[in-house]
Amino acid sequence: MGSTRRRFTDEYKANAVALVLDEGKTIAETARNIDMHEMTLGKWVKKAREARDEQTPPDAPLTESERAELQRLRQENKDVKAENAHLQMQVSFAKKVATWFAKDQQ
């Protein structure tokens, strides 16, 4: 015998999404707590995020969490660029050494 499909009110959906978006809880944790499937809640959260993004103008000031993420990403980018420059220097040195050894063997 098949199972019946659960129906949720708009208010219930909004409250569940608010737990994730406003209180910072994970989708998995929230879904377990309210006894529902993660995929269902995940779809609701995705839809709510897209709706929020559409309402926010592109030139709106950043929130504190966005500002912190931007700062973290900038530092990460700086670290990656420094590591890349170091690796390029090592490759350049290895090429010079290989050229020197090749000339020495002739």
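The values are calculated or read from the model by the stated rules, or taken from the named source; none is laboratory data. If you're wondering where the values come from, they're calculated on a predicted model, not measured in any experiment. Glycine also receives a Cβ, built like all others from the backbone with ideal geometry; neighbour counts cover every protein chain displayed.
Summary of computed values
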item: Some residue of segment 66-81 being at pLDDT below 95, out of contact with any Gly (no Cβ under 8 Å at 6 or more places or on another chain) and within 30 Å of PHE8 (Cα to Cα); result: no
item: Subset of segment 33-51 that is loosely packed, with under 12 Cβ neighbours inside 10 Å and more than 17 Å from the chain's Cα centre (by Cα) - its residue that is modelled with the highest pLDDT; result: MET39
item: Tally of residues being more than 22 Å from ARG7 (Cβ to Cβ) and among the aliphatic types (A, V, I, L, M) across segment 22-67; result: 3
item: Subset of segment 28-43 [farther than 27 Å from GLU64 by Cβ and either among the hydrophobic types (A, V, I, L, M, F, W, C) or in contact (Cβ under 8 Å) with a residue 40 or more places away in the chain (or both)]; result: ILE34, MET36, MET39
item: Filtered residue count, segment 13-45, keeping only those that are part of a loop (DSSP other than H, G, I, E, B) and in contact with a Lys or Arg (Cβ under 9 Å, 6 or more places away or on another chain); result: 1
item: Qualifying position, being in contact (Cβ under 8 Å) with a residue 24 or more places away in the chain, charged (D, E, K, R) and surrounded by 10 or more Cβ atoms within 10 Å (Cβ to Cβ), among LYS13, LYS25; result: LYS13
